[in-house]
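Asks: Have a look at the structure that comes next, please.
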Amino acid sequence: MDEKQYIVTRVTESNEDLQHYGVLGMKWGVRHDPAKAYSKATAKQEKLNRKVIMTRDKHLKTQSKANKGVSIKYQKKQAKADRLQSKADKKKYGLFTNATKAAKLQVKADRAQYKANKYKSRYEKRNAKASKATGKYARAQRKAERWTTQMEKTFKDYDVNKLSEQHIAAGESFIKKIA
């Protein structure tokens, strides 16, 4: 993204021009320390990475929960109800119709559907939670990736040797912790 240069001009009574060459929205008199900016940026990057890990764990947990237990029971019972309904429909509307057998099969299909419906709401809630967690995980990943690419672009010309002793010590202690 190209930054546009703007000229701010103010005419005074003595016809002297005051000009400022800078970026729109730039604060007057604010000086940024690159080392401080870099440390803030890396701190934010670490925070975003922690959030990605946290949302990934929640995503995996909800996916696992949605694919076992009540959900599996619902899927099995719904499949059985569908099979019985298909058999009842074949006896009722098929080539060789039999009204009494169709009625008996319809009762079985209705009973199986009733049992499946008992688990349906919990199944749908678990799937909704899993879907929501998946979305949060994807958003957290995209946000962290955007921040990382922006940081790489911003600090590509930054010399790490200009870091203060305090920042170097903090980095060394971090490396010792993970090593």
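Asks: Of Ala130, Gln150, Ile168, which is farthest towards the positive pole of segment 112-179's charge dipole, taken about the Cα centre with +1 and -1 on the beta-carbons of Lys, Arg and Asp, Glu respectively?
Replies: Ala130
Asks: Then there is this: Report ³J(HN,Hα) in whole Hz for each residue of segment 69-78, in order, from the Karplus equation J = 6.51 cos²θ - 1.76 cosθ + 1.60 where θ = phi - 60°; Gly and Pro get x.
Replies: x, 4, 5, 5, 4, 4, 4, 5, 5, 5
Asks: With a 1.4 Å probe and all protein chains left in place, how much of the accessible area of segment 54-110 comes from carbon and sulfur atoms, in whole percent?
Replies: Details: 2470 of 4300 Å².
Using a 1.4 Å probe with all protein chains present, segment 54-110 comes out at 57 percent carbon and sulfur.
Asks: Something else now. Per residue, how many Å² of accessible area does segment 61-179 show with a 1.4 Å probe? Walk me through the numbers before you get to the answer.
Replies: Numbers: 9380 Å² over 119 residues.
Result: 79 Å² of accessible area for each residue.
Asks: Also, quick follow-up: Report the paramagnetic label zone for Arg56: residues of segment 130-144 whose backbone N is under 18 Å from a point 7 Å from Cα along the Cα-to-Cβ axis.
Replies: Counting only backbone N, you get 133-144.
Asks: Applying 1/(1 + (r/R0)^6) with R0 = 25 Å to the Cβ-Cβ distance of Lys92 and Ile72, what FRET efficiency is obtained, to the nearest 0.05?
Replies: On the way: r = 30 Å, r/R0 = 1.22.
Approximately 0.25, to the nearest 0.05.
Asks: What relative contact order, as a whole-number percentage, does segment 73-159 give when Cα pairs under 8 Å and 6 or more residues apart are counted?
Replies: Rounded, it is 29 percent for segment 73-159.
Asks: Quick check for me: using +1 on Lys/Arg Cβ and -1 on Asp/Glu Cβ, what's the dipole size of segment 67-138 about its Cα centre, in debye to the nearest 20?
Replies: Values: 23 positive and 4 negative charges, 70 e Å.
Computed charge dipole of segment 67-138: roughly 340 debye.
Asks: Ala138 to Ala99: FRET efficiency via 1/(1 + (r/R0)^6), r the Cβ-Cβ distance, R0 45 Å, to the nearest 0.05? The partial results should precede the final answer.
Replies: Details: r = 53 Å, r/R0 = 1.18.
The value I calculate is 0.25.
Asks: What's the extension gain from Thr149 to Ser164 if we count 0.36 nm per residue and subtract their Cα-Cα distance?
Replies: On the way: separation 15, 0.36 × 15 = 5.40 nm, distance 2.39 nm.
Additional length available on full extension: 3.0 nm.
The values are calculated or read from the model by the stated rules, or taken from the named source; none is laboratory data. Everything numeric here is computed off the predicted structure, so don't read it as measured data. No Cβ is skipped: glycine too gets one built from the backbone with ideal geometry, and neighbour counts run over all protein chains shown. Side chains included, ligands, DNA and RNA excluded: accessible areas come from the protein's heavy atoms. Shrake-Rupley method; radii C 1.70, N 1.55, O 1.52, S 1.80 Å.
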